[in-house]
1. For THR127, are the conditions met, namely being in contact (Cβ under 8 Å) with a residue 12 or more places away in the chain, of a type in the set (Val, Ile, Thr), open to solvent by 10 Å² or more (accessible area, probe 1.4 Å) and assigned to a helix (DSSP H, G or I)?
2. Between a first residue in segment 51-79 that is at positive phi and a second residue that is open to solvent by 10 Å² or more (accessible area, probe 1.4 Å) and modelled with pLDDT of 95 or more, which pairs have beta carbons less than 8 Å apart while being 6 or more apart in sequence or on different chains?
3. Could you look through segment 299-330, keep only residues that are within 11 Å of VAL265 (Cβ to Cβ) and hydrophobic (A, V, I, L, M, F, W, C), and pick out the one that is surrounded by the most Cβ atoms within 10 Å (Cβ to Cβ)?
4. Anything in segment 1-44 that is among the hydroxyl-bearing types (Ser, Thr, Tyr), part of a helix (DSSP H, G or I) and open to solvent by 10 Å² or more (accessible area, probe 1.4 Å)? List them, or say none.
5. Does LEU211 fit the bill of being within 16 Å of ligand 2 (Cβ to nearest atom), more than 30 Å from GLU153 (Cα to Cα), crowded, with 18+ Cβ neighbours inside 10 Å and of a type in the set (A, V, I, L, M)?
6. Tell me the residue from HIS103, HIS53 that is closer than 24 Å to THR201 by Cβ and within 13 Å of ligand 3 (Cβ to nearest atom), please.
7. Can you name every one of the helices (runs of 4 or more DSSP H) wholly within segment 286-405 that holds 2 or more residues which are in contact with a Pro (Cβ under 6 Å, 6 or more places away or on another chain)?
8. Quick one: which of VAL115, VAL182, VAL172 is β-branched (Val, Ile, Thr), more than 20 Å from ALA39 (Cβ to Cβ) and within 16 Å of ligand 2 (Cβ to nearest atom)?
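The values are calculated or read from the model by the stated rules, or taken from the named source; none is laboratory data. As the structure is a computational prediction, the values presented were derived from the model and not from experiment. Glycine also receives a Cβ, built like all others from the backbone with ideal geometry; neighbour counts cover every protein chain displayed. Quick note on the areas: whole protein, heavy atoms, side chains included, nothing else; ligands and nucleic acids left out. Shrake-Rupley method; radii C 1.70, N 1.55, O 1.52, S 1.80 Å.
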Amino acid sequence: MPALVIVGAQWGDEGKGKATDLLGSRIDYVVKFNGGNNAGHTVVIGDEKYALHLLPSGILTEGVVPVIGNGVVVDLEVLFEEIDGLEARGIDTSKLVISSNAHLIAPYHRTIDKVTERFLGKRQIGTTGRGIGPAYADKINRVGLRVQDLFDENILRQKVEGSLFQKNQLLVKVYNRRAITVDEIVAELLGYAERLRPLVTDTSLLLNRALDAGKHVLFEGGQATMLDVDHGTYPFVTSSSATAGGAVTGGGIGPGRIERVIAIVKAYTTRVGAGPFPTELFDEWGDFLVDNGQEFGTTTGRPRRTGWYDAPVARYASRINGVTDFVLTKLDVLTGIERIPVCVAYDVDGVRFDEMPASQSDFHHAKPIYQEFPGWTEDISAARTFDELPRNAQDYVLALERLSGARISAIGVGPARDAIVVRHDLVD
Ligand code: GDP
Ligand code: IMO
Ligand code: MG
């Protein structure tokens, strides 16, 4: 039985949470494999709206085992706040398990994230300020703290000492901040140890055994292809592997286990934070997409930057992730636009690029070459089959399918759990 992966095809907020929730009832395990509480997934179930950050979206489906994999960075304060918040609303979180190898976000990671951004000035990345980059930097630098370190006070103290040694020099001498003491960090982290202990396990063993037993395991990526540290618009990216390969390293399974790679792609494009964005709109259509699509960050509340659909980005995502199926979301948001532009290629200083330029400087200079498609005015939010969509909406979807490198298997027509048109089954 297969492992499935869900990833974002653009710059995040494509509706991965809703897609994961949609598949929930047919899945046994949902694994978050990268990122941390920089993610923000809004899931609407009936009249209830849930905003998830650190917990896998599968936590909202009864019977699913939610897993925080080794590739995630965990802020323990946020973890327990989120668990308590869901429990208070009647969601059972008791099945949650966390990898003993996952890294921790310590308070100093958040401090460093914020001060370094401030000092970057014009070169700011616009991070979520959650300490994600500094926590991953420590992991790669081999001075990170892992979940399992909480259960051995001596080791924890040594590691915090090692990690703070350089950081305090930096905080005090470069950034003019107060030094952080080993004692305060150790005390804060140990305060969570006993509550954490029963949740911690070897998640790789658990997932491999589940796959051997024929269970369905869904790996849920945070962020997206264009924010991936290797494949995204570096340095305007997050610090983890948000593409399908990240599910292998961040989940602890072999690549051969993965049968389906489902990329979530919006019917237009959004981006939060700084960095290149060729189809970005600065006119009233940009505002139209913000208003109609309610494009405000789930994590930071920032209005998202908006633009038309970028087919070279979708094709790039298709190839980097080995996409088998796209879920096209928020088609309803485009209702009422007379002619819908779609970027089919770029003009870079007079040269046509049909695919993503290999050079980041070229991508910064890329001007979209648009093809226009006729729009529709009918309300499509009640459509549940492809045939129920207006002809022009169908043609728009088919055009994106031709341009994007993989079939479009489902189409989102509203925020609600059931507001979806399924063309091809996503779970075998
Ligand atoms: P994620 O980070 O990829 O999980 O996406 P977010 O939750 O940050 O942002 C997606 C937003 O779009 C959420 O507010 C969803 O409720 C909403 N959404 C998802 N699919 C659709 C859709 O098909 N139509 C509309 N109108 N909203 C959608
Ligand atoms: P979901 O999972 C959109 C962006 C930030 C910033 C950059 C680096 O909801 O799609 P970080 O705090 O990760 O170091 O910030 O990445 N970013 C996201 N943008 N959706 C997200 O997550 C994001 N997570 C990080 O805005 O530009
Ligand atoms: Mg989001």
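1. No.
2. GLY63/ASP28
3. ALA317
4. The answer is SER25, and nothing else.
5. In short, no.
6. Numbers: HIS103 fails: within 13 Å of ligand 3 (Cβ to nearest atom).
It is HIS53.
7. In segment 286-405, the matching helices (runs of 4 or more DSSP H) lie at 360-365.
8. VAL115
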